[in-house]
1. Restricting attention to the stretch 120-179, report how many residues are in contact (Cβ under 8 Å) with a residue 12 or more places away in the chain, among the aliphatic types (A, V, I, L, M) and not in a helix (DSSP H, G or I).
2. Every residue in the stretch 219-247 that is modelled with pLDDT of 85 or more and outside any loop (DSSP other than H, G, I, E, B), please.
3. For the stretch 86-102, indicate whether the set of residues that are part of a loop (DSSP other than H, G, I, E, B), open to solvent by less than 30 Å² (accessible area, probe 1.4 Å) and in contact (Cβ under 8 Å) with a residue 60 or more places away in the chain is non-empty.
4. Show the residue pairs meeting these rules: Cβ distance below 9 Å; 6+ apart or different chains; first residue within the stretch 14-41 and more than 17 Å from Glu3 (Cβ to Cβ); second residue open to solvent by less than 50 Å² (accessible area, probe 1.4 Å) and acidic (Asp, Glu).
5. Mind listing just one residue for me: the one in the stretch 48-69 that is open to solvent by 70 Å² or more (accessible area, probe 1.4 Å) and part of a loop (DSSP other than H, G, I, E, B) and, of those, farthest from Gly110 (Cα to Cα)?
6. Among the residues of the stretch 22-41, which ones are part of a helix (DSSP H, G or I) and of a type in the set (S, T, N, Q)?
7. Output yes when any residue across the stretch 73-83 is at pLDDT 95 or above and of a type in the set (Phe, Trp, Tyr), and no when none is.
Amino acid sequence: MNEVTLEKMRSMKFYGMHNAFKTAIETGRMDGYTIDEFVCLLVDSEHDDRQTRKINRHITNARFRYNAELEKINYDQDRNLDKNKVMRLADCSFIKNGENILITGSTGVGKSFLASALGHHACSEGYRVLYFNTAKMFAKMKMAKADASYIKDMAKVERQHVVILDDFGLQPMDNQARLILMDMVEDRHAKSSMIITSQLPIESWYDVIGEKTLADAIMDRIVHNSHQLNLKGESMRKTRSKISQQEMSK
């Protein structure tokens with residue numbers, strides 16, 4: 001009877017419940033529970049398993065640049081990164097309020113890692129996140145316009161609770177890129193969030209976007225109610241390289 005029940009659980013995709021029931025049988029612990037306790041064990045196991053699979057699915061679908069975690073963020077004093085501010089952002093209230101996070105700083109200071117860490121954490125809290133390298137995103141969306149899949153692709157982006165645009169502003173935008181960005185920002189304004197990283201200070205983004213009217217409209221929606229983090233310090237890549245060289249010379 002137990003084997004039949006296990007097979008039914010597996011066929012119904014109750015994997016957490018299946019594993020808990022199988023473990024209880026194999027360890028002989030079933031007699032140690034009341035009926036209420038055992039039902040509770042099975043339901044809790046199924047719930048936890050589904051939550052874990054949901055989080056893993058969100059992380060896979062996000063396609064992060066880094067496998068980053070908040071616990072691994074470097075808060076050295078010269079980085080100009082306030083741990084308390086990052087922890088406040090980690091409560092994900094910025095997502096509930098439809099606010100953006102703008103992360104600026106020179107190359108290698110950890111902007112992408114910080115954005116990915118916040119994105120990973122949002123996934124763990126049940127939010128849908130999508131990561132883009134900005135230049136590749138524009139190229140993909142331009143191709144989508146050419147093959148008539150643009151509306152479908154933008155609808156997918158709109159469904160995300162958080163969209164990460166990494167390395168924003170590395171090159172000036174043409175008119176097509178400006179319109180794509182405007183569509184994205186307009187769809188998300190005050191409803192869902194963006195995390196944008198850039199080597200350029202925020203006031204320089206107007207020039208990158210170009211065309212004053214569109215730049216004003218886009219920047220007003222991006223900057224309004226945004227949280228701004230300006231990272232400083234030496235390149236983390238150079239620091240890691242120095243440490244590696246020192247260890248090799250020992």
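1. Selection size over the stretch 120-179: 8.
2. Passing the criteria: Met219, Asp220, Arg221, Ile222, Val223, His227, Gln228, Leu229, Asn230.
3. Narrowing the stretch 86-102 to residues part of a loop (DSSP other than H, G, I, E, B): 90-92, 97-100.
Cutting the leftovers down to open to solvent by less than 30 Å² (accessible area, probe 1.4 Å) gives us 90, 92, 98, 100.
Next, only the ones that are in contact (Cβ under 8 Å) with a residue 60 or more places away in the chain stay: 98, 100.
Within the stretch 86-102, one or more residues are part of a loop (DSSP other than H, G, I, E, B), open to solvent by less than 30 Å² (accessible area, probe 1.4 Å) and in contact (Cβ under 8 Å) with a residue 60 or more places away in the chain.
4. What qualifies is Gly16/Glu46; Gly16/Asp49.
5. Residues of the stretch 48-69 open to solvent by 70 Å² or more (accessible area, probe 1.4 Å): 48, 50-54, 56-57, 60-61, 63, 65-67, 69.
If we keep only those that are part of a loop (DSSP other than H, G, I, E, B) as well, we get 63, 65-67, 69.
Details: Arg63: 18, Arg65: 12, Tyr66: 11, Asn67: 13, Glu69: 12 Å.
My answer is Arg63.
6. Correct list: Thr23, Thr27.
7. no
The values are calculated or read from the model by the stated rules, or taken from the named source; none is laboratory data. Owing to the predicted nature of the structure, the values given are computational and were not obtained by experimental measurement. So basically every Cβ, Gly included, is an ideal-geometry build from the backbone, and we count neighbours across all protein chains shown. Only protein heavy atoms, including side chains, enter the accessible area calculation; ligands, DNA and RNA are left aside. Shrake-Rupley method; radii C 1.70, N 1.55, O 1.52, S 1.80 Å.
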